[in-house]
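Here's the structure, in structure tokens; my notes come after.
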Amino acid sequence: MIAPYPVKLIVVGAGLIGPRHAQHVHDNPITELMAIIDPQPDTKQIAQQLHTLHFPSISKFIEYCNSHKLPYPDGAIVCTPNHTHVKVAGELASYGIHLLVEKPIGSTPEEAKSLKVYTSLKNVRVLVGHHRRFNPYIMEAKRNLHKCGEIVGVQGSWMLCKPQDYFDVAPWRTKSCAGGVLLINLVHDLDLLQFLFGPIHRIYAELLPKRRDHEADEGAALTIKFKNGISGTFICSDNVTSPFNFENATGENPMIPHHNEINGIYRIFGSKGTLSLPDMTIFHQSHMKNSTWLEPLLQEQIEFDVAKLPFDSQLNHFVDVIRGNEDPYCCIDDGISALLCIDAVLKSIDTGMPVIVEDVKNIKSNDEALTLKELRFHLSQTGEASIPVRKFLTNNYASLKTQSNYKLPILIRESFGIPPSLTARFEKGREVKNSLDGLDEAGVAKALADILKQ
Ligand SMILES: NC(=O)c1ccc[n+]([C@@H]2O[C@H](COP(=O)([O-])OP(=O)(O)OC[C@H]3O[C@@H](n4cnc5c(N)ncnc54)[C@H](O)[C@@H]3O)[C@@H](O)[C@H]2O)c1
């Protein structure tokens with residue numbers, strides 16, 4: 001049951017991006033910043049400045065809630081390094097806390113899939129932080145795409161220079177398993193391209209020359225084929241001196257200077273016109289029966305409100321997701337899909353061949369994270385609500401044992417007056433507990449099937 005406004009949120013991870021999220025939560029009248037969690041001692045100061053509590057770990061925060069009889073927060077914004085997202089998000093989900101997880105959703109599609117399975121078991125809603133879907137330039141571009149007629153091609157760039165101290169303060173950014181401009185930045189653009197044009201079918205990528213002594217990549221040039229036949233090119237680097245990137249061109253990130261004269265970081269080419277971003281110019285010849293290179297093109301500017309901050313819109317949407325009013329605008333499958341595109345980029349770089357992007361539906365969850373180790377039924381000897389569970393166990397216990405080859409411990413714990421429940425214990429001590437209260441025998445079977453589906 002979600003409390004009325006304000007919705008209580010925590011921010012987990014307060015490095016580069018966490019404090020920005022925390023500030024938005026603090027400033028928004030419909031959200032309350034309950035705490036910031038980060039093991040780094042200097043992040044205490046960030047919490048103080050925002051008049052909120054600070055904890056070094058999720059477990060310490062939960063202990064505090066329990067000892068002060070406080071309800072857990074309604075949601076958490078996960079801003080920890082990429083390779084920790086799934087672990088941190090899983091821990092929060094085990095307390096039923098809804099999640100806004102920074103992009104990329106995980107470091108592999110398989111571990112992200114295991115998070116999907118786990119959060120759906122826990123009825124935890126997840127929004128993935130591809131916040132540019134909320135950027136007014138992108139929203140307006142999507143609304144106006146039809147003016148280009150039939151889209152044929154797209155061209156884009158994300159080119160800039162990250163300074164050395166960006167890597168010095170957070171060495172995970174130099175590692176190929178978690179950092180690199182492809183996983184950190186290109187993933188945004190590939191998500192946007194899919195958001196605008198639908199699923200990507202195939203990618204061919206060439207690595208750009210490296211200038212740093214890091215394991216992680218520094219950029220690539222891509223050709224992209226979408227499932228609907230649109231083709232495009234995209235170039236991405238974090239070690240060139242250039243303003244041709246989303247941040248410089250749109251002014252989206254307050255830390256990165258806005259160059260408002262930059263045009264054409266995305267160009268979308270169609271049968272009736274071309275849309276250029278972020279100048280939002282449409283070049284067209286809609287006054288003529290047929291387009292021709294022999295006549296000049298007209299230029300039309302799309303007017304809209306650029307002042308809306310994507311982080312604010314994303315946060316308002318997260319509140320609606322938590323309250324069950326909206327489905328996530330960017331769900332785990334969207335996050336996995338963007339990761340699968342990055343996988344295809346990396347495989348193409350490795351093999352020198354074009355690579356078909358794997359379908360999200362074919363991804364199996366990371367078994368290690370989710371192997372079922374034990375089932376535990378709790379029921380009361382006398383309670384009415386436990387009768388269907390007892391019947392279910394009487395009728396099915398033997399076949400359940402056979403199905404699992406007698407390997408899965410199925411424990412039945414009885415005590416007076418307790419409501420019936422089913423707890424599944426997975427690898428690494430992770431537990432899912434589902435209430436069986438009020439369910440008939442078929443409902444108990446379904447609750448069990450949901451857990452065994454994995
Ligand atoms: N949406 C965007 O525009 C955007 C921009 C920057 C970063 N990001 C993403 O945000 C995430 C964080 O990036 P960053 O650049 O802020 O990283 P960072 O290294 O600057 O900060 C990460 C913080 O998380 C803390 N941390 C690590 N493990 C933790 C745990 N278990 N519990 C609590 N805190 C923990 C670290 O101490 C650190 O302070 C990354 O996934 C990154 O890709 C998104």
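Please count how many residues of region 15-24 are more than 10 Å from the ligand (Cβ to nearest atom) and surrounded by 18 or more Cβ atoms within 10 Å (Cβ to Cβ). Qualifying residue count, region 15-24: 2.
Exactly one residue out of Ile77, Ile10, Ile30 is touching a strand residue (DSSP E or B) at 6+ places or on another chain (Cβ under 9 Å) and over 30 Å from Lys162 (Cβ atoms): that is Ile30.
The requirement of being among the aromatic types (Phe, Trp, Tyr), more than 13 Å from the ligand (Cβ to nearest atom) and within 23 Å of Asn245 (Cα to Cα) is fulfilled somewhere in region 137-150, by at least one residue. Identify all residues within region 286-335 that are over 20 Å from Gln23 (Cβ atoms) and polar (S, T, N, Q); write none if there are none. Of everything in region 286-335, those that are over 20 Å from Gln23 (Cβ atoms) and polar (S, T, N, Q) turn out to be Ser286, Asn290, Ser291, Thr292, Gln299, Gln301, Asn325.
Of all the criteria given as (1) more than 16 Å from Phe318 (Cβ to Cβ); (2) of a type outside the set (Ser, Thr, Tyr); (3) surrounded by fewer than 17 Cβ atoms within 10 Å (Cβ to Cβ); (4) more than 9 Å from the ligand (Cβ to nearest atom), the one not satisfied by Asp27 is (1).
The rows are residues; the columns are (1) under 30 Å from Pro29 (Cβ atoms); (2) free of Cβ contacts under 8 Å to residues at least 60 places away in the same chain.
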residue	(1), (2)
Arg212	no, yes
Ala220	no, no
Ile235	no, no
Ile268	no, no
Leu275	no, no
Leu294	no, yes
Asp305	yes, no
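None of Asn228, Asn239 is surrounded by 16 or more Cβ atoms within 10 Å (Cβ to Cβ) and of a type in the set (S, T, N, Q) except Asn239.
Scanning region 89-100 for residues that are in contact (Cβ under 8 Å) with a residue 60 or more places away in the chain and either part of a helix (DSSP H, G or I) or within 8 Å of the ligand (Cβ to nearest atom) (or both) returns Gly90, Leu92.
Filtering region 40-53 to residues that are touching a Phe, Trp or Tyr at 6+ places or on another chain (Cβ under 9 Å) and within 11 Å of the ligand (Cβ to nearest atom) leaves nothing.
Got a number for residues in region 169-209 being over 30 Å from Ile268 (Cβ atoms) and modelled with pLDDT of 95 or more? Number of matching residues: 0.
Set side by side, the residues Asn228, Asn245 differ, and just one is under 15 Å from His188 (Cα atoms) and not hydrophobic (A, V, I, L, M, F, W, C), which is Asn245. Looking only at residues in region 237-251 that are farther than 25 Å from Pro199 by Cβ, in contact (Cβ under 8 Å) with a residue 24 or more places away in the chain and assigned to a loop (DSSP other than H, G, I, E, B), the one that is nearest to the ligand (Cβ to nearest atom) is Asp238. Does Val86 satisfy being among the hydrophobic types (A, V, I, L, M, F, W, C), in contact with an Asp or Glu (Cβ under 9 Å, 6 or more places away or on another chain) and either surrounded by 22 or more Cβ atoms within 10 Å (Cβ to Cβ) or assigned to a loop (DSSP other than H, G, I, E, B) (or both)? Spelling it out, Val86 is indeed among the hydrophobic types (A, V, I, L, M, F, W, C), in contact with an Asp or Glu (Cβ under 9 Å, 6 or more places away or on another chain) and either surrounded by 22 or more Cβ atoms within 10 Å (Cβ to Cβ) or assigned to a loop (DSSP other than H, G, I, E, B) (or both).
Taken over region 54-88, the residue count meeting the criterion of being away from the ligand (no atom under 14 Å from the Cβ) and of a type in the set (A, V, I, L, M, F, W, C) is 2.
Just one of the numbered conditions (1) surrounded by fewer than 17 Cβ atoms within 10 Å (Cβ to Cβ); (2) out of contact with any strand residue (DSSP E or B) (no Cβ under 6 Å at 6 or more places or on another chain); (3) modelled with pLDDT of 95 or more is not true of Asp213: (3).
Of Leu33, Leu9, all but one fail to be more than 9 Å from the ligand (Cβ to nearest atom), part of a strand (DSSP E or B), over 18 Å from the mean Cα position of the chain (by Cα) and under 19 Å from Pro310 (Cα atoms); the exception is Leu33.
The values are calculated or read from the model by the stated rules, or taken from the named source; none is laboratory data. Since the structure is predicted, the reported quantities are computational estimates derived from the model, not experimental observations. Using ideal geometry, Cβ is built from the backbone for each residue, glycine included, and neighbour counts are taken over all protein chains shown.
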